[in-house]
Amino acid sequence: MALGLAGCSATIGNARLDAVTPSGDGVLRIGVILDNRGGSAFLNESELAAAKLAVKQINDAGGYKGHTVELLPASAASDGSSAAAFTAETAAQAKALLGAHADVVVGPTDSSHAAAAIDVLAAARVPLISPANTAAGLSSYKSGGFYFRTSAADTAQGSVLAKLAHDAGAKRLSVLHEAGDYGTRVSGAVMDAARGLGMDAVSNVEFAAGKAAPAAASIKSGTPDAVVVVARDGAQGALAELLNAGLKGKKLLLSDGAIRQYGTTLGAGGLDGARGILPGVFPSIEFQAGLTGIAPNLKDTTYAAETYDAVTLAAIAAAAANDDAGASIAAWLTTVSGGVRPTSGDAASKERTSCASYKDCVEVLKGAKLPDYDGESGTIGFDANGDVTSSNYMVFTYGADNTARVSGKETASRTP
């Protein structure tokens, strides 16, 4: 199901839209930054496998201008290498990639590491495309137009959570959110979306992790039909307090930070019928086969599609610009992603045609049209801040065993 969101079509924003003078050396070099520590490091293997797969398929299609596209750092790009090679801090990785003459960089995973990479790379006019950064504040981070991301900002899920409640017949909705930027921003987005759907947004109550009982009681007093839980570390405690207050089962909707397999850690049957969402799409059989062909022991494919698309888009942008320099790639990324166009030049006027691979998009360029890449993660359409304008979510429904199983999908989209 597609969900329309309000959006601005103006070209004023953070992304680069101006034409630049070609300055590449004819060899496209794509760097990768992975998290060397923290809670997101477990995603490194899937992202590295996806980057390797994308580069392989680009080179199988003839590479860039007949030259092999290079994946950097070389220590992690070789056959059989793993993400264990990424041990340096984010800024150090970015500086090393500049030293290796990277034209564009993909990564990092954790939003808290983004600024360190942006600050180094933007100053060198090298674009950064993150497959996994979701912090809403990064949309306005001062990157000079050299920052993009193929995953949606956290706040995009607000409209999906409200829609799920509305579609289930809820007329009165409350939100219980954990203190902090994530909770504040996402809960606000849920409330706004609920009002937009004609629902009564009863209350938006904040709690501190481990201290959710008063907030749960306040939520109950408003007699909502649906309660959205927006939390991360404090999610289990908040759910326990809601269950104690008699708010359970189908009344509950969980944000991406709150969804997990709770099992016996919560009261039996407490989440039966509750739903939650996670960003992304389930990989196709062909894509999974490609990934395991690169990394046979790969178990988790989270953000693999977004990484694959980031690498592929970078190569398509270079092909469209006929230049591998970072500034040229940055100037073409919004156009070839199907997003906002500049106000002048070929990118502003030529017709765009959908294509789903580097090979197909290059074929489009050989004609009189421009490519509009729709990839493994779906429609992208970068806006003027380098954010995606189409966000895919997997919907999960809990059973009596408090275990979540996939039950559907939703897409939130807005005008670039």
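Measuring only protein heavy atoms, the 1.4 Å probe finds residue 232 accessible over about 100 Å².
Calculated [222 nm] ellipticity per residue, helices only, for the chain: -10000 deg cm²/dmol; basis is -39500 (n - 2.57) per DSSP H run with n ≥ 4, divided by all residues, nearest 500.
Leaving out same-chain residues fewer than 8 places away, which lysines sit with a Cα under 22 Å from that of residue 248? Within reach: 163, 171, 211, 220.
Less than 5 angstrom separates the built amide H of residue 206 from those of 177, all sequence-distant by 5 or more or on a different chain.
PRE reach from residue 82 (point 7 Å along Cα→Cβ): which of segment 45-59 fall under 11 Å by backbone N? So the set is 45. When the listed pairs 56/350; 65/95; 65/369 are checked against a 20 Å cut-off, the alpha-carbon distance exceeds it for 56/350; 65/95. Accessible surface calculations at 1.4 Å, restricted to protein heavy atoms, place segment 272-416 at 37 Å² per residue.
Just the number, please: percent antiparallel of the DSSP beta bridges in the chain, rounded to the nearest 5. Mind showing how you got there, number by number?
Values: 17 of 53 bridges.
Here the share of antiparallel DSSP bridges comes out near 30 percent.
Using Cα centres only, tell me the gap between segment 337-400 and segment 119-187 in whole Å. Cα centres, segment 337-400 to segment 119-187: 19 Å.
As a calculated quantity, the FRET efficiency between residue 265 and residue 366 at R0 = 56 Å, using C-beta atoms, amounts to about 0.50. What the phi angles of segment 198-204 give under the Karplus curve with 6.51, -1.76 and 1.60, with θ = phi - 60°, is a coupling list of x, 8, 8, 7, 5, 7, 10 Hz, glycine and proline written as x.
Show me the trypsin sites (Lys or Arg not before Pro) within segment 134-185 that DSSP assigns to loop and that have at most 11 other Cβ atoms within 10 Å of their Cβ. Intermediate results must be reported in sequence, preceding the final value.
On the way: sites: 142, 149, 163, 171, 172, 185; in loops: 142, 171.
Listed in order of number, the matching sites are 142.
Karplus-based coupling profile of segment 141-151, in residue order and whole Hz: 5, 6, 10, x, x, 10, 10, 9, 8, 8, 10, with θ = phi - 60° in 6.51 cos²θ - 1.76 cosθ + 1.60 and x standing for Gly or Pro. How much net charge surrounds residue 165 when only other residues with a Cβ under 14 Å from its Cβ are counted (Lys, Arg +1; Asp, Glu -1)? Once all neighbours under 14 Å are counted, the net charge is +2. In terms of its C-alpha gyration tensor, segment 212-259 has an oblate overall shape, because the principal axis ratio a/c (a ≥ b ≥ c, square roots of the eigenvalues) is not below 1.5 and a/b does not outweigh b/c.
Rounded, prolate or oblate for the chain? Axes are the square roots of the Cα gyration tensor eigenvalues, ordered a ≥ b ≥ c, and the cut-off for rounded is a/c under 1.5.
prolate
As a calculated quantity, the FRET efficiency between residue 74 and residue 406 at R0 = 45 Å, using C-beta atoms, amounts to about 0.75.
Would you mind finding the longest exposed-site-free stretch of the chain, with exposed GluC sites (Glu not before Pro) meaning DSSP loop and at most 14 other Cβ atoms within 10 Å? Please report the intermediate quantities before stating the final value.
Details: sites that count: 89, 351.
With GluC sites (Glu not before Pro) excluded where exposed in loops, the chain gives 90-350 as its longest stretch.
In summary, the aspartates and glutamates within cross-link reach of residue 250, defined as a Cα separation below 12 angstrom excluding same-chain residues under 8 places away, comprise 225, 272.
For the chain, the fraction of 1.4 Å probe accessible surface lying on carbon and sulfur atoms is 52 percent.
Separation of segment 228-286 and segment 289-335 by C-alpha centroid, Å? Using only Cα atoms to place each centre, the spacing works out to 32 Å.
Quote the FRET efficiency, to the nearest 0.05, computed for residue 221 versus residue 284 with a Förster distance R0 of 30 Å and r equal to the Cβ-Cβ distance. Before the final figure, lay out the partial values.
Working: r = 47 Å, r/R0 = 1.56.
Calculated value: 0.05.
Spacing of the modelled spin labels on residue 101 and residue 37, each 7 Å from Cα toward Cβ, amounts to 3.3 nm. Per residue, the accessible area of segment 177-270 comes to 43 Å² when a 1.4 Å probe rolls over the protein heavy atoms. Accessible surface area normalised per residue over segment 27-67 is 35 Å², counting heavy atoms of protein chains with a 1.4 Å rolling probe.
The values are calculated or read from the model by the stated rules, or taken from the named source; none is laboratory data. Quantities reported herein were computed from a predicted structural model and do not represent experimental measurements. Positions of Cβ are generated from backbone atoms using ideal geometry, with glycine treated the same way; all protein chains shown enter the neighbour counts. Accessible surface is based on the protein model in full, side chains and every heavy atom, while ligands, DNA and RNA are left aside. Shrake-Rupley method; radii C 1.70, N 1.55, O 1.52, S 1.80 Å.
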